[in-house]
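The structure appears below as structure tokens.
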Amino acid sequence: GNSVTQMEGPVTLSEEAFLTINCTYTATGYPSLFWYVQYPGEGLQLLLKATKADDKGSNKGFEATYRKETTSFHLEKGSVQVSDSAVYFCALASGGTSYGKLTFGQGTILTVHP
Amino acid sequence: DTEVTQTPKHLVMGMTNKKSLKCEQHMGHRAMYWYKQKAKKPPELMFVYSYEKLSINESVPSRFSPECPNSSLLNLHLHALQPEDSALYLCASSQLDRKRGEQFFGPGTRLTVL
């Protein structure tokens, strides 16, 4: 079956530091890959996505590249801000259905200090 | 309108109460979802509706009863819940297509069962 593995958290950084959150997946076929972010007390927001190999998703300074050869979709940001403190979920959608059942990673808690 | 709305934001209920959670979207999505999320964990899929018909029930106890009155609305009826059902309940919607588009999440209803 499908699975997503994220790096263990929590991750604590100082403002303006470089961020990497690792994500690897196992899936049949060619899944779509997503990063969702959840700020405290809120629902999930789509941060970025990639639907095929070598696609790069980007949004709000965050980037992730769909690497089929390493089955990875690592999230990066060059300079984090305090406002980036949140929980980040890597997810994939695959399977024969047309509505893409999501498989989530366990989530990585990011805390950014001033 | 790219928003999924959920009401109420917070709900406290006793184990003998009957209550309902409501979800609405106006993006023309024909797939709608209910998830349950415990603190610091990824969302767990409960139900999926496609074209207003129940497509997936992830072995959810019968004290949770979903309903999809039309293509924009999704309800979750609650009856005789247990304290362990306390969680954040998230609604989501998505397009129905082979590109496996992303799911759009609402802000959630935080449920406390006393």
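The values are calculated or read from the model by the stated rules, or taken from the named source; none is laboratory data. A quick note: this is a predicted structure, and the numbers were derived from the prediction, not measured. Methodologically, a virtual Cβ is constructed for each residue, glycine included, from the backbone with ideal geometry; neighbour enumeration extends over all protein chains shown. To get the accessible areas, we keep the full protein, side chains included, count just its heavy atoms, and leave off ligands, DNA and RNA. Shrake-Rupley method; radii C 1.70, N 1.55, O 1.52, S 1.80 Å.
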Task: Mean separation of Cα contacts under 8 Å (6+ apart) over length of chain B, as relative contact order % - done: 36 percent
TODO: Kindly point out, ordered by number, any Cys in chain B whose beta-carbon has no other cysteine beta-carbon under 4.7 Å away.
DONE: B:Cys68
Task: Per residue accessible area in Å² of chain A, where ligands, DNA and RNA are left out and the probe is 1.4 Å - done: 46 Å²
Task: Calculated FRET value between B:His26 and A:Asn59, using beta carbons and R₀ = 25 Å, to 0.05 - done: 0.60
TODO: Summarise the partner chain shielding of B:11-17 as one whole number: the mean count of Cβ atoms from other chains within 10 Å of each residue's Cβ.
DONE: 0
- [ ] Let me have the relative contact order for chain A, percent, based on Cα pairs under 8 Å that are six or more residues apart.
- [x] 36 percent
TODO: Provide A:Lys77, B:Lys38 ordered by accessible surface of protein heavy atoms (probe 1.4 Å), highest first.
DONE: B:Lys38, A:Lys77
Task: Area hidden from solvent between B and A (accessible, protein heavy atoms only, 1.4 Å, total, Å²) - done: 2100 Å²
- [ ] State the percentage of accessible surface on segment A:31-98 attributable to carbon and sulfur atoms; use a 1.4 Å probe and exclude ligands, DNA and RNA.
- [x] 48 percent
- [ ] Using per-residue counts of other Cβ atoms within 10 Å, averaged over each peptide, order A:4-12, B:56-64 from highest down.
- [x] A:4-12, B:56-64
Open item on the list: Please compute the Kirkwood hydrodynamic radius of chain A from all pairs of different C-alpha atoms, in Å with one decimal.
Closed with: 14.2 Å
Task: Residue mean of other protein chain beta carbons inside 10 Å, A:73-80 - done: 0
Open item on the list: For the ranges A:66-75, B:28-37, what's the packing order if you count other beta-carbon atoms within 10 Å of each residue, average per peptide, and put the highest first?
Closed with: B:28-37, A:66-75
Task: Using a Förster distance of 25 Å, the FRET efficiency for A:Thr26-B:Glu44 (Cβ separation, nearest 0.05) - done: 0.85
Task: D_trans [Stokes-Einstein, Kirkwood Rh over alpha-carbon pairs] for the protein assembly as shown, 4 °C, 1.567 mPa s, µm² s⁻¹ - done: 71 µm²/s
